[in-house]
Amino acid sequence: MKVLCLDVEGGFGGSSRSLYFSLKHMDRQRVTPVVWCKKDGPIKRAYDEMGIECHVKTDMSIFHALPKLSRNLYFFTKGLIEFYSKNGFRKELLRTLEDDFDLVHFNHSSIFYLGSWLKKQTDIPFTLHIRTRLKKTIFAKIQYQSLQKSMNRIIYISENEQDNVREIAGFDAGTIIYNITEIPDHVEPQPQIPQDGRLKAFSISNFSPVKALERYVEAAEILKKRNKKNILFVLAGNMKLSGPMSDELVMIAKRGGDLSDFVKHKGLEEYFLFLGHVPNPECVVAGCDVLYRTSRGLDPWGRDVFEAMAQGRPVITTGKYDKFVKHGITGFLMDEYEPEKMVDSLLRVADDRDLLKELGENGIKVIRELNDGEKNSRELLKIWQQTAGI
């Protein structure tokens, strides 16, 4: 069968990498995937190396329901205008689908404008991956109900996304397939990371209000107050300050600074290493010891969690969902963000490397059981075949 996969990220986010791993492990004797990416990026080169046809289509329109009503009204309208202005893209898509495609896979729910329009233009069936959770608003309900009407099958990456759709839109039809994560044999550590005996606590996420990376600064302040210098925070990603922030962060942002400038402002440089964007985040994981995850989303099942666990790195984070991060088994999971307790956990594994190793080994077992590439890609292909009637 022949499947067109629509990717909104191009390799700069978890959804893009998750699709890549799904296609990498699929039986290519049974499926011929073609990928369209909204952004040019590292994933295109990776597909080229695998022999999977991949094209960059920057005119692919995306929109995601936002928490605030005013912003939704503006961006919802702006998104519609932008979508209908991309007539060339839509014509090219229809021409492409005439080339014996059996299915279109929407890799992210933000392409719902396109799904709704395309459903009226073709009889080719659609599948969708829902990889994020929306805030409960009327616009989120509109987005989900639009997807329900246009998609033939829906795949969720965990029970949490399914629960979110059920709460907002009142339906949950679909299948849960956990994101594929490879357990590497060996990864060369990022060379900039010093191997000096300090515990390396890392992040491989860009700065955003949800990721709450400023909480790393709060942890460093606690360590400095306790006169502890055996921990280094390693942050990989874009640290540009944006979104709702504290007054101090707003002041730094207005001067054109980023999170590293905030660290300097606080006099905490000795606790931090900023790497910027890293094309191979697995190298950062390899050079560090533990994922210190500060997300306000209380969502301990992201791509960074899986990639940490796959390399035997425990996770310290917040949330109540313990399918992957199991308290005292694969890391430390706290219901709510409590900085002192999270720092206590960091210091505990810094002082007990045997425990650090045990937690990491347990994490590999969980990933091997739930995120297996062959098994999970086979399940996705089965859904594609059933939907296409093949």
Q: With springs connecting C-alpha atoms under 10 Å apart, model the chain as a Gaussian network and identify which of ASN376, ASN280, ASN206 has the largest mean-square fluctuation.
A: ASN280
(Q) Can you give me the long-range amide H partners of CYS5? Hydrogens built in the peptide plane at 1.01 Å from N, cutoff under 5 Å, separation of 5 or more residues or another chain. (A) VAL34, VAL35, TRP36, HIS105
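For segment 104-161, what class follows from the C-alpha gyration tensor (a ≥ b ≥ c being the square roots of its eigenvalues): rounded when a/c is under 1.5, otherwise prolate if a/b is larger than b/c, else oblate?
On the way: a/c = 2.44, a/b = 1.40, b/c = 1.75.
Oblate.
Need one number: convex hull volume per residue for segment 10-164, Cα atoms only, in Å³. Before the final figure, lay out each step's value.
Details: hull volume 18.2 nm³, N = 155.
It is 118 Å³ per residue.
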Q | Lysine pairs with alpha-carbon atoms under 22 Å apart, segment 254-354, spacing 8 or more or separate chains | A | 6
(Q) 5 Å is the cut-off here: which amide hydrogens, built 1.01 Å from N in the peptide plane, fall below it relative to LYS200, excluding neighbours closer than 5 in sequence? (A) LEU232, ASP289, VAL290
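DSSP loop trypsin sites (Lys or Arg not before Pro) in segment 243-336 with at most 16 other Cβ atoms within 10 Å of their Cβ, which ones? Show your work: numbers first, answer last.
Working: sites: LYS254, ARG255, LYS264, LYS266, ARG293, ARG296, ARG303, LYS320, LYS323, LYS326; in loops: ARG255, ARG293, ARG296, LYS320, LYS323, LYS326.
Filter output for segment 243-336: ARG255, ARG296, LYS320, LYS323.
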Q. Could you give the dipole magnitude of segment 205-245 about its Cα centre, charging the beta-carbon of Lys and Arg +1 and that of Asp and Glu -1, in debye to the nearest 20?
A. 220 debye
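Over all directions, how big on average is the projection of the convex hull of the alpha-carbon atoms in the chain, in square nanometres? Walk me through the intermediate numbers first.
On the way: hull surface 76.3 nm².
Approximately 19.1 nm², given one-decimal rounding.
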Q. To the nearest 0.05, how large is the calculated FRET efficiency for LYS149 and ARG198 if R₀ is 45 Å and r is the Cβ-Cβ distance?
A. 0.25
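What percent do you get for the relative contact order of segment 1-133 when only Cα pairs under 8 Å and 6+ apart count?
Working: 196 pairs, mean separation 38.3, N = 133.
Over segment 1-133, the number comes to 29 percent.
Carbon-plus-sulfur fraction of the accessible area of the chain, 1.4 Å probe, in percent? Spell out each step's value before the answer.
Numbers: 8240 of 17360 Å².
Answer for the chain: carbon and sulfur cover 47 percent of the accessible area.
Please find the FRET efficiency linking ARG296 to ASP100, where r is the Cβ-Cβ separation and R0 is fixed at 56 Å, and quote it to the nearest 0.05. Walk me through the numbers before you get to the answer.
Working: r = 46 Å, r/R0 = 0.81.
In this case the efficiency is close to 0.75.
Whenever you get a sec, line up THR181, THR175 from highest to lowest accessible area (probe 1.4 Å, protein heavy atoms). Don't jump to the answer; show the numbers that get you there.
Working: THR181 10, THR175 35 Å².
Solvent-accessible surface, decreasing: THR175, THR181.
Taking 0.36 nm per residue of separation and subtracting the Cα-Cα distance, what length does fully extending LYS225 through LEU80 add? Each step should come with its number before you reach the end.
On the way: separation 145, 0.36 × 145 = 52.20 nm, distance 5.16 nm.
Between LYS225 and LEU80, full extension yields 47.0 nm more.
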Q. What whole-number value in Å² describes the accessible area per residue of the chain for a 1.4 Å probe?
A. 45 Å²
Q) Where does helix 339-351 land angle-wise versus the long Cα axis of the chain, in degrees 0 to 90, nearest 10? A) 70 degrees
(Q) Once you keep just the Cα pairs under 8 angstrom separated by 6 or more residues, what percentage relative contact order results for the chain? (A) 16 percent
(Q) Less than 14 Å apart at the alpha-carbon level, and either on another chain or at least 8 residues along: which aspartates and glutamates does that give for LYS86? (A) ASP59
Q: Quote the convex hull volume per residue of segment 202-347, based on C-alpha atoms, as a whole number of Å³.
A: 103 Å³
Q) Cα atoms only, segment 235-317: Rg and Dmax in Å? A) 14.2, 40
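Translational diffusion coefficient of segment 133-208 at 10 °C, 1.306 mPa s, Stokes-Einstein with Kirkwood Rh over Cα pairs, in µm²/s as a whole number. Intermediate values should be presented prior to the final figure.
Numbers: Rh = 16.1 Å.
Taking Rh from Cα pairs, D becomes 99 µm²/s.
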Q.
I want to check the label-to-label distance for ILE329 and THR58. Put each point 7 Å from Cα in the C-beta direction and report it in nm to one decimal.
A. 4.8 nm
Q | Backbone HN-Hα couplings from phi across segment 170-176 [Karplus 6.51/-1.76/1.60, Hz, Gly and Pro as x] | A | x, 9, 9, 4, x, 10, 9
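The values are calculated or read from the model by the stated rules, or taken from the named source; none is laboratory data. These numbers were taken from a predicted model, which means no experiment stands behind them. Because the Cβ atoms are built from the backbone with ideal geometry, glycine has one as well, and the counts that use them run over all protein chains shown. Accessible surface is based on the protein model in full, side chains and every heavy atom, while ligands, DNA and RNA are left aside. Shrake-Rupley method; radii C 1.70, N 1.55, O 1.52, S 1.80 Å.
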